Amino acid sequence: MPNPKLFLIANWKLHFSLKEATKWLDEFAKQQVLAEDVEVVICPSFPLLFPLFEMVERKKITIKLGAQNVSRFEEGTYTGEVGIRQLQEWVQYIIVGHSERRIHFKESDKEVVEKIRLCLAGNLTPIVCVSELEQVEYLAKAQLQTERLIVAYEPLCAISSGQLESPDLSESPEQADFFSQGIKALLGENVRVLYGGSVRSKNISGFLKCESLSGFLVGGASLDVNEFGKIVKIAGKV
Ligand code: PGA
């Protein structure tokens, strides 16, 4: 599948034990909602990557795996870090610079760019999260191969608390489209832009009409396998 029309990235954040994750994947596979031109990428915590990779291979489930972060160091005396070479065998995507990492772990734009460069050098696709135009301007100055990036626009106020029942904080599709066009104006037309922030089965149809968007980064709603299945099904019909 060289050019998927849409990307649906499930960001599980700090959720799921191995047992819960394998149950989720089993149930997801049974739903048979995967469509040819929708690339579904599951991003679990590090320790789940290898067992899920084995399960995906064994059961021939046509999803991809992604990591939620990578060390800015390639190798060395960095206790607790997980490096690009340790991820390369199991993932094709890496989320970089999520706002929760920028806020709770003080990740700077400089570090984000270092991580992007490592991903690109390692032939992995970085999913670079941005919430403000200044962050995009920083990326533009770094002169990256932007056609190889996926940029996820996630306004801070739209990110949910992770509960499906919580209020829908999503931005309007028009606002998302406007920001997405701003990203393309700065980084080039070929950059793929996703929207993230309270995406659910109830509101995805509006966003699917935005031509500047190449998909979605889904947090809370991806934890409920039936809800995520619905999202994939709707996206596959477009
Ligand atoms: P949300 O999270 O879908 O729960 O709002 C999105 C994200 O933080 O990536």
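Between Tyr78 and Ala121, the modelled label-to-label distance comes to 1.1 nm, taking each label 7 Å out from Cα in the direction of the beta carbon.
In plain terms, the C-alpha convex hull of segment 1-127 casts an average shadow of 8.2 nm² when viewed from every direction. With all pairs of different C-alpha atoms in the average, the Kirkwood value for the hydrodynamic radius of segment 6-236 is 17.7 Å. In this simple spin-label model, placing a label point 7 Å from the Cα along the Cα-to-Cβ direction at both Glu57 and Glu36 gives a separation of 2.7 nm. Arg192 sits among other residues whose Cβ lies under 15 Å from its own Cβ, and their net charge, with Lys and Arg +1 and Asp and Glu -1, is -3.
The largest accessible area among Thr62, Thr77 belongs to the first residue in Thr77, Thr62, and the rest follow in falling order (1.4 Å probe, all chains). Taking Ser180, Ser166, Ser71 in turn, the Gaussian network model of the chain (Cα-Cα springs below 10 Å) assigns the largest fluctuation to Ser166. Ligands, DNA and RNA are left out, and with a 1.4 angstrom probe the accessible area of segment 52-183 is 53 Å² per residue.
Under the criterion of Cα pairs below 8 Å and six or more residues apart, the relative contact order for the chain equals 21 percent.
Using the average count of surrounding beta-carbon atoms within 10 Å as a protection proxy, the listed peptides 150-158, 16-24 rank, highest first, as 150-158, 16-24. Choose one answer from Lys115, Lys184, Lys209: the residue with the largest mean-square fluctuation in a GNM of the chain with alpha-carbon springs under 10 Å. Comparing Lys115, Lys184, Lys209 in a Gaussian network model of the chain, the most mobile one is Lys209.
Histogrammed with a bin width of 5 Å, the alpha carbon distances of segment 101-211 distribute as 2, 11, 22, 22, 18, 14, 8, 2, 0 percent, first bin at zero. Scanning the chain for DSSP H helices at least 15 Å long along the axis (C-alpha atoms) with a Kyte-Doolittle mean no lower than 0.5 picks out 46-59, 225-236.
How about Lys202: which lysines have a C-alpha closer than 28 Å to its C-alpha, ignoring those fewer than 8 places off in the same chain? Candidates past the 8-residue exclusion: Lys5, Lys13, Lys23, Lys30, Lys64, Lys184, Lys230, Lys233, Lys237.
Every Cα-Cα pair in segment 1-70 was counted, and those over 16 Å apart are 46% of them.
Karplus-based coupling profile of segment 215-222, in residue order and whole Hz: x, 9, 10, 10, x, x, 5, 7, with θ = phi - 60° in 6.51 cos²θ - 1.76 cosθ + 1.60 and x standing for Gly or Pro.
Computed per residue of the chain from DSSP H runs no shorter than four, each worth -39500 (n - 2.57), the mean residue ellipticity at 222 nm is -11500 deg cm²/dmol. Among rounded, prolate and oblate, which fits segment 177-238 when a ≥ b ≥ c are the square roots of the eigenvalues of its C-alpha gyration tensor, a/c under 1.5 means rounded, and a/b larger than b/c means prolate? It comes out prolate by the Cα gyration axes. The fraction of accessible area contributed by carbon and sulfur in the chain is 51 percent, rounded to a whole number (1.4 Å probe; ligands and nucleic acids excluded).
The values are calculated or read from the model by the stated rules, or taken from the named source; none is laboratory data. Everything numeric here is computed off the predicted structure, so don't read it as measured data. Neighbour counts run over all protein chains shown; Cβ positions are idealised from the backbone, glycine included. Note: areas computed on protein heavy atoms with side chains; ligands, DNA, RNA excluded. Shrake-Rupley method; radii C 1.70, N 1.55, O 1.52, S 1.80 Å.
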